[in-house]
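K.L.:
Have a look at this one before I ask anything.
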Amino acid sequence: MRRILIATSNPGKLRDFAGAALRHGVEIAGIPEFSSLPTVIEDGLTFEANARKKAEAYSSYVPGEIVVADDSGLEIDALNGAPGVHSARYAAPDLLYKEPHEADANTDDDANNARVLHELKDIPSAQRTGRFVCVLAVARDGKTLATFRGTAEGIILDALRGTNGFGYDPLFYFPEIKKTFAELTAEEKSKYSHRGAAFRQFLNWSDAI
């Protein structure tokens, strides 16, 4: 069984990757002692820029290992693509006074979802379209080897639905299966999600090298 190191401490992301890897005979693991490593500042203007920055930085701590890092988020058409690369810290109070990437810390899922619901409160359902985006960067010894992008198109609901998943999953309704991502198991979600799509591209690439 192949082992892939994921550069994250987010348990939701690790569950997503494990769900996507399950059917492919791949073991997902975190980087050893990840919490003790210096935090990478995600100040890139795109998902790819942030993913590459994290993959390159963290791969330097595990010489010779392939490390995968992702940056992902929700783009809502009615909000001109927001929250986008700022998805994890969208409710940060200091976003009112700083550039979004300068927020001091990520904000919790409930606060981020509440801000989205507030900003969409007068938007009719037909105009609440959006997508999840995930970019994976693969690096070894501080150098990016490849990047992969996955998307999932959906509708942003006016109330939370489901107790699985994380982030904006309870608001993200996927019309193809008539469920939110928070109503799916990690393995089910991997069949339809942005992260699952990007990870399958990565697996196909890794099989060929």
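Please treat every number below as a calculation from the coordinates, not as lab data. Note that the coordinates shown come from a computational prediction; the quantities given were computed from them, not determined experimentally. Glycine gets a Cβ as well: all are built from the backbone with ideal geometry, and neighbour counts include every protein chain shown.
K.L.:
Of the options G142, G12, Y192, report the single residue whose Cα projects farthest towards the positive end of the charge dipole of the chain (beta-carbon charges: Lys, Arg +1; Asp, Glu -1).
P.N.:
Result: Y192, furthest along the dipole toward the positive end.
K.L.:
Mind pulling the angle between the C-alpha long axis of helix 109-119 and the longest principal axis of the chain? Nearest 10 degrees, somewhere in 0 to 90.
P.N.:
Once rounded, one gets 40 degrees.
K.L.:
Quick check: net charge around K179, other residues with Cβ under 13 Å of its Cβ, Lys/Arg +1 and Asp/Glu -1? Provide the component values of the computation, followed by the final result.
P.N.:
On the way: positive: R161, K178, K189, K191; negative: D169, E176, E183, E188.
Overall, the nearby charge balance is 0.
K.L.:
When we measure straight from the Cα of K178, which lysines land under 16 angstrom away, once same-chain ones fewer than 8 places off are left out?
P.N.:
Filter leaves K189, K191.
K.L.:
Here is a further query. Only Lys, Arg, Asp and Glu count, each charged at its Cβ (+1, +1, -1, -1), so figure out the dipole size of the chain about its Cα centre, rounded to 20 debye.
P.N.:
Values: 24 positive and 30 negative charges, 133 e Å.
Computed charge dipole of the chain: roughly 640 debye.
K.L.:
Going by average Cβ density within 10 Å per residue, which order do the peptides 66-77, 180-191 take, highest to lowest?
P.N.:
Details: 66-77: 23.2, 180-191: 19.9.
Packing proxy ranking, top to bottom: 66-77, 180-191.
K.L.:
Let me ask something additional. Grab the other residues whose beta carbon is less than 14 angstrom from that of V40, score K and R as +1, D and E as -1, and report the net. Intermediate values should be presented prior to the final figure.
P.N.:
On the way: positive: R52, K53, K54; negative: E42, D43, E56, D70, D71.
So the environment of V40 carries a net charge of -2.
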